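> Pasting a structure below so you can have a look.
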Amino acid sequence: MMDSKEVVITTEQGRLDKVLRTAFPEFSRAQLTKWITDGHVLVNGQKKKPKYSVKAADRITLVEPKAEPLAARPQNLPIEIVYEDDDVIVVNKPQGMVVHPAAGHPDGTLVNALLYHTKLSSINGIIRPGIVHRIDKDTSGLLMVAKNDHAHEVLSAQLKAKKNLRQYYALVHGEFSEERGTIDAPLGRSPMDRKKQAVVAEGRPAVTHFEVVKRFVGYTLLRVTLETGRTHQIRAHMAYIKHPVAGDPLYGPKKTLPGQGQYLHAATLGLTQPTTGEDLRFSAPLPAGFKTMLAQLTPYAEKTNESGENMIN
C-alpha cells in the first residue's frame, strides 16, 4: 500500500464519490467509486457507500492501492506487417487495437502480438518494448517498432529531430474556406478533463499542418502532417479550431458519424533505416469502414469558375 491521503471536509458537501472527485482530481470518478466500494476510502474511520452524504468536518482517508505490475506476454494475434528487417518492423495497426498493455488492457495489444513474432528492444521495459511512438487505440495505420536497442535510440532521435514523415487522413466536422493551414498551439493536460489534452499556455510545443483533400456537406477530409507528436495531437488541435475529428468519442460532439471511433488513419510513414541510412517510406490505404463512410457522405456543391473548371483541387 502507498501512504494514505487524507482530507478534512469543511465546506464541500454532497455524495461521497463526487466530493472525492473534487478533492482528488488526479483520479477518475470511476476509479474513486471502485476504491470506495472496495474499502480503500474511509469516512471518520468507517467504510461508506459511494452515495454517502458527506457532512461538514467529515475526515476522509483515501488509501491508494498499490498498482499490480503489468508485463507483456507473447500472444498469437493477427497483425499486418508492412515491412521488416533486422532493426525495424512497420505495422498497419487496425482500429480498436491498443498499442501496449496498460490498466484496463493487460493483453491483446500490438506489443503482445509482436512479442510472439520477434524480439523487441528493451529500452521501454517490459510494458512497452520496442515502442518508439504510439497511435491511439481507435486510430488505425502505420507504426514503426524497434527490434533492438540501437534501432530504438536512432529512431527516437529521428523523431526528436522531426526527421520522420507522419501523414494522416482525418475526416472532420465542418467545412473549410481555406485550402491548407497550420495549427501552432501548445498542448498539455486539460484542466477541465484529465482524460483530454488541451491548448494551454504552459503546454509543450505542438505543430500540425493540414490540407483539404475533399469537401462534403458538413464534413471535410484532410491530409494532416505532424511536425511534433504530442498525445492526441491531431484530435486536440482539430477540436481547438472547432473542427473535431468525426466519430471522436472524447473530443467530438455527441451527434457525429457512427462507427467504432474517430475517423483518423496514419496513412504515410517515412523513416531512415537505423543501420544502413536508407530512406524508407510506407503507405497504408484507408480501412474499409473509413472508405464506406466517405462513400455515404454527400460531396460538397462546389462552385465552378468561368471556364467550368472545378475551383477546388
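> Look at Val217 and say whether it is in the same structural domain as Ala246 (by TED's automatic domain parsing), of a type in the set (A, V, I, L, M, F, W, C), in contact with an Asp or Glu (Cβ under 7 Å, 6 or more places away or on another chain) and over 30 Å from Arg29 (Cα atoms).
Details: in the same structural domain as Ala246 (by TED's automatic domain parsing): yes; of a type in the set (A, V, I, L, M, F, W, C): yes; in contact with an Asp or Glu (Cβ under 7 Å, 6 or more places away or on another chain): no; over 30 Å from Arg29 (Cα atoms): yes.
Here the answer is no, as Val217 does not meet what is asked.
> Can you pull out every residue in the stretch 28-53 that is surrounded by fewer than 17 Cβ atoms within 10 Å (Cβ to Cβ) and in a loop (DSSP other than H, G, I, E, B)?
Matches in the stretch 28-53: Ser28, Asp38, Gly39, Asn44, Gly45, Lys49, Lys51.
> Out of the stretch 191-208, which residues are out of contact with any Leu (no Cβ under 8 Å at 6 or more places or on another chain) and either among the basic types (Lys, Arg) or within 16 Å of Lys242 (Cα to Cα) (or both)?
Arg194
> Let me spell it out: the conditions are (1) out of contact with any helix residue (DSSP H, G or I) (no Cβ under 8 Å at 6 or more places or on another chain); (2) assigned to a loop (DSSP other than H, G, I, E, B); (3) touching a residue at least 40 places away in the same chain (Cβ under 8 Å), and Leu159 meets all of them except one. Which number is the exception?
Condition not satisfied by Leu159: (2).
> Which one is surrounded by the fewest Cβ atoms within 10 Å (Cβ to Cβ), of the residues in the stretch 168-179 that are small (Gly, Ala, Ser) and more than 21 Å from the chain's Cα centre (by Cα)? Please lay out each step first, then the result.
Keep residues of the stretch 168-179 that are small (Gly, Ala, Ser), which gives 170, 174, 177.
Among the residues that remain, those that are also more than 21 Å from the chain's Cα centre (by Cα) are: 174, 177.
Working: Gly174: 13, Ser177: 5.
Only one residue fits best here, namely Ser177.
Yes or no, residue by residue, for (1) assigned to a loop (DSSP other than H, G, I, E, B); (2) over 30 Å from Arg215 (Cα atoms); (3) within 19 Å of the chain's Cα centre (by Cα):
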residue	(1), (2), (3)
Met97	yes, no, yes
Asp107	yes, yes, yes
Arg128	yes, yes, yes
Arg134	yes, no, yes
Arg166	no, no, yes
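> May I ask you to verify whether Lys160 is basic (Lys, Arg), crowded, with 16+ Cβ neighbours inside 10 Å and over 29 Å from Val212 (Cβ atoms)? Break it down into steps so the answer makes sense when it comes.
Numbers: basic (Lys, Arg): yes; crowded, with 16+ Cβ neighbours inside 10 Å: no; over 29 Å from Val212 (Cβ atoms): yes.
For Lys160, the condition - basic (Lys, Arg), crowded, with 16+ Cβ neighbours inside 10 Å and over 29 Å from Val212 (Cβ atoms) - is not met.
> Going through Ser190, Ser177 one at a time, which residue ends up being modelled with pLDDT under 95 and touching a helix residue (DSSP H, G or I) at 6+ places or on another chain (Cβ under 9 Å)?
Working: Ser177 fails: touching a helix residue (DSSP H, G or I) at 6+ places or on another chain (Cβ under 9 Å).
Going through Ser190, Ser177 in turn, the sole match is Ser190.
> Please report, ordered by residue number, the strands (runs of 3 or more DSSP E) entirely within the stretch 180-266 with at least 3 residues that are in contact (Cβ under 8 Å) with a residue 24 or more places away in the chain and surrounded by fewer than 18 Cβ atoms within 10 Å (Cβ to Cβ).
So the answer is 180-184, 207-216.
> Considering the stretch 66-108 alone, what residues qualify as being exposed (fewer than 13 other Cβ atoms within 10 Å of the Cβ) and modelled with pLDDT under 80?
Selection gives Lys66, Ala67, Glu68, Pro69, Ala71, Ala103, Gly104.
> Now, a different point. I need every pair where a residue in the stretch 119-147 that is on the phi < 0 side of the Ramachandran plot has its Cβ under 8 Å from the Cβ of a residue that is among the acidic types (Asp, Glu) and assigned to a loop (DSSP other than H, G, I, E, B), sequence separation at least 6 or different chains.
Note: pairs meeting the criteria are Ala146/Asp87; Lys147/Asp86; Lys147/Asp87.
The values are calculated or read from the model by the stated rules, or taken from the named source; none is laboratory data. Note that the structure is predicted; figures quoted are calculated from it, not measured. Reconstructed Cβ throughout: ideal geometry from the backbone, glycine too, with neighbour counts over all protein chains shown.
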